[in-house]
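S.K.: Below is the structure I would like to discuss, written out as structure tokens.
Just so you know, all these numbers are worked out from the coordinates, no wet-lab data involved. Keep in mind the model is a prediction, meaning the values are calculated, not measured. Glycine also receives a Cβ, built like all others from the backbone with ideal geometry; neighbour counts cover every protein chain displayed.
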Amino acid sequence: MARVVYVNDIYVPEEEAKISIFDRGFLFADGVYEVTAVLDRKLVDFEEHISRLERSLTELDMTMTKSKDELLKIHRELVKKNNLSEGAIYLQVTRGSADRDFAFPKDVPQSMILFTQERPLTSVKPGIRVISVPDIRWGRRDIKTIQLLAPSMAKMIAVREGKDDSWMVEDGYVTEGTSNNAYIVTKESKIITRNLSNSILHGITRASVLRLASELGMEIEERPFTIAEAQEATEAFITSATTFVCPVVEIDGVAISTGKSGPVVHRLNEVYIEESRKAAI
Ligand code: PDD
């Protein structure tokens, strides 16, 4: 069955979807996006993703042209039309189409597209192997923009080395994964993850997982950490809407503890899935 996508107010089979060659998303990567997980045909952390979308738009002098309820309706319609039970929905908004000029155009309608992706979210994850690479991205990583070439390149360096992903490093400290937030667990069972700033994306899964960890009585410290510290950790993991809580079992060729997924990561993933199933809308 052909995937049905949403483009500027209409639902069409993906082959029929059209966007102008003058779209600023295409010419300038002038746009933002969100990715919301779908579990049991329902949306996980939806409100939070749409709040972040609004923040990203505002930071780029764009307005939110649809209400949360309208966006919820579109997401649900795509779940239905694509019979999606587990996966993700991507929502991308650009400043729209205009003759090429670095200055933002005035009074141009934004472009909005949404599409679904089927992917396993709840299956057992054996763990990923990461390498470290320099973080060459821009200074506003807190805005979820569609300019993703630097993280794509970072991912490809890992793939070419036969690994799964990269952790990006700036001034000696890990910022985040190419499309996920990064964590380690110390010998004292403390969860360490970088504090929020313009250096990283403020992950929605991060916020939920830290809240659940705290409710489970786990200790959390939000601060930058180095690759050397990570290699000494008892566990390491990533979070995102498309991976949930996923173990990291090797960093720059060094196995983390036994080189297998550990109990903290396992518990957090289990609880996150359980709570998401309950709270999804
Ligand atoms: N990426 N950091 C970066 C750089 C990201 O791109 C993402 C998400 C995250 C995790 O954020 P969240 O928990 O809100 O998904 C952190 C999405 C999944 C993507 O680009 O496909």
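S.K.: Want the number for residue 258 to residue 100: 0.36 nm per residue separation, take away the alpha-carbon distance, what's left?
M.R.: 51.5 nm
S.K.: Using a 10 angstrom Cβ neighbour count of at most 12 plus a DSSP loop assignment to flag exposed chymotrypsin sites (Phe, Trp or Tyr not before Pro), which longest range of the chain is free of such sites?
M.R.: Looking at the chain, 139-281 is the longest stretch - no exposed chymotrypsin sites (Phe, Trp or Tyr not before Pro) with at most 12 other Cβ atoms within 10 Å.
S.K.: Please sort by residue number the GluC sites (Glu not before Pro) in segment 176-281 whose DSSP state is loop and whose Cβ has at most 10 other Cβ atoms within 10 Å.
M.R.: 188
S.K.: Now, a different point. Measuring from centroid to centroid over Cα atoms, what is the spacing of segment 219-274 and segment 92-130 in Å?
M.R.: Measuring centre to centre over Cα atoms gives 27 Å.
S.K.: Please sort by residue number the trypsin sites (Lys or Arg not before Pro) in segment 98-191 whose DSSP state is loop and whose Cβ has at most 16 other Cβ atoms within 10 Å.
M.R.: Filter output for segment 98-191: 100, 106, 140, 187.
S.K.: Of the trypsin sites (Lys or Arg not before Pro) in segment 1-97, which ones lie in a loop per DSSP and count no more than 12 other C-beta atoms within 10 Å?
M.R.: 18
S.K.: Here's a follow-up. Give me 238, 113 ranked fewest to most by other Cβ atoms within 10 Å of their Cβ, as a rough exposure proxy.
M.R.: Ascending Cβ contact count within 10 Å gives the list 113, 238.
S.K.: Another question, then. What are the ³J(HN,Hα) values, in whole Hz, obtained from phi via the Karplus relation 6.51 cos²θ - 1.76 cosθ + 1.60 with θ = phi - 60°, for each residue of segment 6-14 in sequence order, with x given for Gly and Pro?
M.R.: Couplings: 10, 9, 6, 6, 10, 9, 9, x, 4 Hz.
S.K.: Read phi for every residue in segment 181-191 and hand back ³J(HN,Hα) as whole Hz from Karplus 6.51 cos²θ - 1.76 cosθ + 1.60, θ = phi - 60°, with x for Gly and Pro.
M.R.: Listing the rounded values in order: 8, 10, 9, 9, 10, 7, 4, 8, 6, 8, 8 Hz.
S.K.: Another question about this same structure. Under a Cβ-only charge scheme (Lys and Arg +1, Asp and Glu -1), can you give me the dipole magnitude of segment 128-279 about the Cα centre, in debye to the nearest 20?
M.R.: Taking the Cα centre of segment 128-279 as origin, the dipole is about 440 debye.
S.K.: Something else now. Count the lysine pairs in segment 4-118 whose Cα atoms sit under 28 Å apart, keeping only pairs 8 or more residues apart in sequence or on different chains.
M.R.: Within segment 4-118, the lysine pair count is 19.
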